[in-house]
Structures are given as structure tokens and as C-alpha cells.
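Worksheet: one structure, shown below.
Read-outs: derived from the displayed coordinates by stated rules, not from any lab. Quick caveat: nothing in here was measured; it's all calculated off a predicted structure. Here the Cβ positions follow ideal geometry from the backbone for every residue, glycine too, while neighbour counts run over all protein chains shown.
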Amino acid sequence: MKVLISVDIEGIAGFVSWKQCDAGSPQYRQSIDLMTGEANAAIAGAFDGGATEVVVVDSHGSQRNMSPLEIDQRVRLISGGNKPLSMMQGIDESFDAVFLVGYHAGAGFTGSLSHTYDGTPSVVRLNGMQAGEIMVNAAVAGYFGVPVALVTGDTAAMREAQSSLAGVEIAEVKEPISRYSSNNLSPTAAREKIRKAAASALAKIGGMEPFTLEPPIHFNLTFTNVGIADRVCLMPGTRREDPLTVSYESDDYITAYQGFLTMLVLADSAG
Ligand SMILES: [Zn+2]
């Protein structure tokens, strides 16, 4: 059984501030310990549950946060930026399950450190549904016929996961109080919970369905100012829905997803 584990950072127990997520911050060393600890718990649980091959994708920011020396030595680690499938790089039809570890609520939802990808859109809609990284990435896995079996993060992320992914296993490691405060499990308790949930997710994998969407696939991004929307409209094929909202459509999910990633790059460069 082959498992791909995408590891983000904002949904890890103990994270309440963007400063903890920033590679330039004095707290970053501790942040990587916390991230790697939960990643290793999910890996251990995957092997407990019968996985024979595990691939880990470092999915936060520069996407090269975790040290190859500190990650469980049984896995392959996909690390580094500019990957065509970004947080889901490595996924293909040969996998049996995907885990999303350290995930968080999407832009425009309440929840600890809520945002979608680089944080420039204030709301992302996918085929009309307000979407965060859980739904967007579950659909990448679904394109290849692979179900998301486990999602870990705060209560809000768990709610998002369960609303779109029937039967998904969850491990809730913190309760958000506001976007920048939460009531956290200890790292030890969070890791134990994730390890158990990972093993039980694989036991239930037979009953889980890949998350798929009916084409045409429609990404609709709302920004905080018209200058960003102007910039994003430089991408061929986009449509200005209103002063702050730009959309992109394709019959193919991966084409639509890569269009979405490109819109984010343009948005980020809007100044
Ligand atoms: Zn994220």
C-alpha cells in the first residue's frame, strides 16, 4: 500500500502566528521540530496501518522546511519549490491514499491561520463552493483516483474536511479561539492522536471515495483590491467577474489547478 503525505504547517499544534511559519523568524527552528514531529507521527501510523511505501511532500512556503536527516528514514521526501503539482507533487494513480497533515481552514473561513495557498485571495471558489487547501488538494488526488484518507489540523479544518470528504479520518490537534489564537494539544498528545488516526485511516481506505468534480472546473478568486485583480487578468483565458473577482475555467482539473497556481503568482507580484 502506497501513501502520499502532504505536510503543511499552519495546522500543526502550537502554531498561532505567521511569525512561527516564517523561515526568517527566530522561532523557526522550533517550528520545524513541531512540523517534523507531526509528519513523523503520520508516517509511523501509515506503516502501523500497513503502508509499504510512503512519500512525503513538504508543502509549506518554500516547500523545503523539513530536514532530510530528521524525517523518518523509511520515506522519500519531496522538497523544494516550483513543483507543477505544488503541495501534491508526486501523486499519481499508483497511490492508494493521501494524508493531509498540518492543514488549516481556507481563506474567508474562521479558523486558526485561515488562508488558501499564498494568502492573496480573500476567497477562493471551486465550482461555486468556497474552498480551502483541503478541497483544492483533495481534487488533485481525486483526479488520479486517490482518496484523501486522513486530514489533521484544527477544529475548523476538520469541519471543512468532513463536509467534502465522506468517511475521511481526522485528527484534531487544536481548537481555534480566533485566527491568531488557539487552544492546543501538547506536541506529544497531538503526535499520538495523529499516529493512531493514520493507522485507522488505512484500515478504512476500502470504503473511501476519491474527491472529484464535474467539469467544467471553475476557479473563482476574489482579491482585496482591484490592482491585484487587474494583474491576474493578464493571464490568457481569465475572466473578470466583478472588480475584485477573476475566474479561470478548464474541462481538465490539473489544467484548471495550474491556472489557479499561475493566478496566485501574478497576484503576489501585483505590488
Ligand atoms: Zn497552507
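Using every pair of distinct Cα positions in the range 2-207, the Kirkwood expression returns a hydrodynamic radius of 16.4 angstrom. Only the Cβ atoms of Lys and Arg (+1) and of Asp and Glu (-1) were treated as charged; on that basis the dipole of the range 37-143 about its Cα centre amounts to roughly 300 debye. Could you tell me the relative contact order of the chain? Use alpha-carbon pairs under 8 Å, at least six residues apart, and round to a whole percent. Once normalised by length, the contact order is 21 percent.
Determine the dipole magnitude for the range 143-271: charges of +1 sit on the beta-carbon of Lys and Arg, -1 on that of Asp and Glu, nothing else is charged, the reference point is the Cα centre, and the result goes in debye to the nearest 20.
540
Dipole magnitude for the chain: computed about the Cα centre from +1 point charges on Lys and Arg Cβ and -1 point charges on Asp and Glu Cβ, it is near 440 debye. With the dipole of the range 217-268 worked out from charges on the C-beta (+1 for Lys and Arg, -1 for Asp and Glu) around the Cα centre, which of LEU261, PRO236, ASN225 lies farthest toward the positive end? Farthest towards the positive pole: ASN225.
Expressed in Å, the radius of gyration and Dmax of the Cα atoms of the range 2-73 are 12.4, 38.
For the pair the range 64-99 / the range 201-269, the C-alpha centres are spaced 22 Å from each other. Helices that extend 20 Å or more along their long axis by alpha-carbon positions and average at least -1.0 on the Kyte-Doolittle scale are, among the DSSP H runs of the chain, 28-48, 187-203, 253-268. How big is the gap, in Å, between the Cα center of the range 13-61 and the Cα center of the range 103-178? Spelled out, the Cα-based centre of one part sits 17 Å from the other. From helices alone, the chain scores -10000 deg cm²/dmol at 222 nm; the rule is -39500 (n - 2.57) for each run of n ≥ 4 DSSP H residues, then divide by the residue total.
With a cut-off of 8 Å between alpha carbons and a minimum separation of six or more residues, what is the relative contact order of the range 217-268 in percent?
42
Note on the range 141-250: the C-alpha convex hull projects to 9.4 nm² when averaged across all orientations.
Compactness of the range 217-268 is given as radius of gyration and Dmax, 9.9, 29 Å, from Cα positions.
Entry note, the range 156-271: relative contact order of 20 percent, from Cα contacts under 8 Å with a spacing of 6+ residues.
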